[in-house]
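Following: one structure in structure tokens, then a few remarks.
Please treat every number below as a calculation from the coordinates, not as lab data. Model, not experiment: these values are computed from the prediction. Reconstructed Cβ throughout: ideal geometry from the backbone, glycine too, with neighbour counts over all protein chains shown.
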Amino acid sequence: MNTSLNKLKWKIKVSVYNQNILNLIRVTKYFCLVNESSRLLDIGCNDAVYTKKYCDSFGIDFENACGIDYNEENITALPRDRFYYHDIDLLRPLPYGDRLFDLVIMNQVLEHAKNISHIIAEINRVSRKGSTFVLSVPNLAALHSRLLLLAGKMPLAIQGMDAHVRGFTINSLKKYVSNYGFQYTGCTGSGLYPFTGSLTGYIGRLFPQFSVFITLVFKKTDDYDLSKLRTKHFHETKVDF
């Protein structure tokens, strides 16, 4: 019984995640104008399977795509002049020059990081003015998480003993990222447990505030002054500049 239930849960999770990728691509196409020569950065690229899918979907030459991942094994077969092992949460600069990318995608990464101010500021640094930043995370305010909280339980987006150390809603991300030289342009959602298949993508787009995943799109409007980070307080992470 437990085995069957676990298989069903996994099937639902995979279905919702796949719909999230499709909706991420859909909303990026709607808000972002890129071409074959545009530069793409995929943060949390894994083995670049989705990086290639992004390139195919947006018409970007894969030779113009770069990526970083925290697991060095994931990128062993990728060009090492464009794809790097990099733990973005360690306050190290991204291994790329200033104002280089036309499109930055960060999918299911930010919820794992503590030092998010540094991350967003670095994304601003490597992005060209007018470029697009697409950010996708689990939705802390998803319908199932609201019901779990009513029952006195932890929401699935952030658990006590889990790899997720941050929780986000649409409004919290809009306000936060907008402080770093980005302008919010739109969002979409994906998934509504326990539905599966294309229905999850459709429902999520209709009601993003209740969806399992949220994807927000921003435009870079200004350069962010990295020296401002030194004036911020990082009590929760004890960061020492």
Lys pairs in region 78-209, Cα-Cα under 20 Å, at least 8 apart or on separate chains: how many? 4
Averaging the inverse of every distinct alpha carbon separation and then flipping it gives the Kirkwood radius. What is it for region 1-159, in angstrom units? 17.1
Can you tell me how much longer the chain between Lys175 and Glu36 gets when fully stretched, taken as 0.36 nm per residue apart minus their C-alpha distance, in nm with one decimal? 46.8 nm
Calculated FRET efficiency for the pair Ala77/Tyr202, C-beta based, R₀ 30 Å, to 0.05: 0.25
Quantify how much of the Cα-Cα distance distribution of region 71-165 extends past 24 Å, in percent. 35
Cα-based helix-to-principal-axis angle, 2-31 vs the chain, degrees rounded to 10: 40
Over 12 Å apart: what share of the alpha carbon pairs of region 117-166 falls there, rounded to a whole percent? 71
May I ask you to compute the full-extension gain from Leu150 to Tyr85, defined as 0.36 nm times their residue separation minus their alpha-carbon distance, rounded to one decimal in nm? 19.3 nm
Dividing the helical contributions, -39500 (n - 2.57) per DSSP H run of n ≥ 4, by the residues of the chain yields a 222 nm value, nearest 500 deg cm²/dmol, of -10000 deg cm²/dmol
So who's got an amide H within less than 5 Å of the one on Tyr84, skipping anything under 5 residues away but keeping other chains? H placed 1.01 Å off N, in plane. Gly67, Ile68, Asp69
